[in-house]
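The values are calculated or read from the model by the stated rules, or taken from the named source; none is laboratory data. Every value quoted in this text rests on a predicted model; they were computed, and no experiment measured them. Neighbour counts run over all protein chains shown; Cβ positions are idealised from the backbone, glycine included. Ligands, DNA and RNA are stripped out before the accessible areas are found, and what is left, the full protein with its side chains, is counted by its heavy atoms. Shrake-Rupley method; radii C 1.70, N 1.55, O 1.52, S 1.80 Å.
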Amino acid sequence: MLEFITDLWAFLKVRKKIWLLPIIVILSLLGALVVATQQSALASFIYTLF
């Protein structure tokens with residue numbers, strides 16, 4: 001996993017696409033939120049926020 005992150009960082013730096021980093025981070029956090037709330041006690045609390 002660490003190798004993937006370093007390769008991604010090197011790609012973004014070489015191609016001058018650093019502006020993509022916040023988009024990737026936000027999408028990753030949203031994906032983690034969906035996975036975490038699929039079958040847990042957090043699901044009822046998350047649904048009330050949206």
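Listed by first and then second residue, the pairs linking a residue in segment 13-40 that is more than 20 Å from Met1 (Cβ to Cβ) and open to solvent by less than 100 Å² (accessible area, probe 1.4 Å) to a residue that is in a helix (DSSP H, G or I) and of a type in the set (A, V, I, L, M, F, W, C), with Cβ atoms under 6 Å apart and 6 or more places separating them unless they lie on different chains, are Ile18/Leu12; Thr37/Ala43; Thr37/Ile46.
Thr48 meets each of the listed conditions (1) at pLDDT below 90; (2) part of a helix (DSSP H, G or I); (3) open to solvent by less than 100 Å² (accessible area, probe 1.4 Å) apart from (3).
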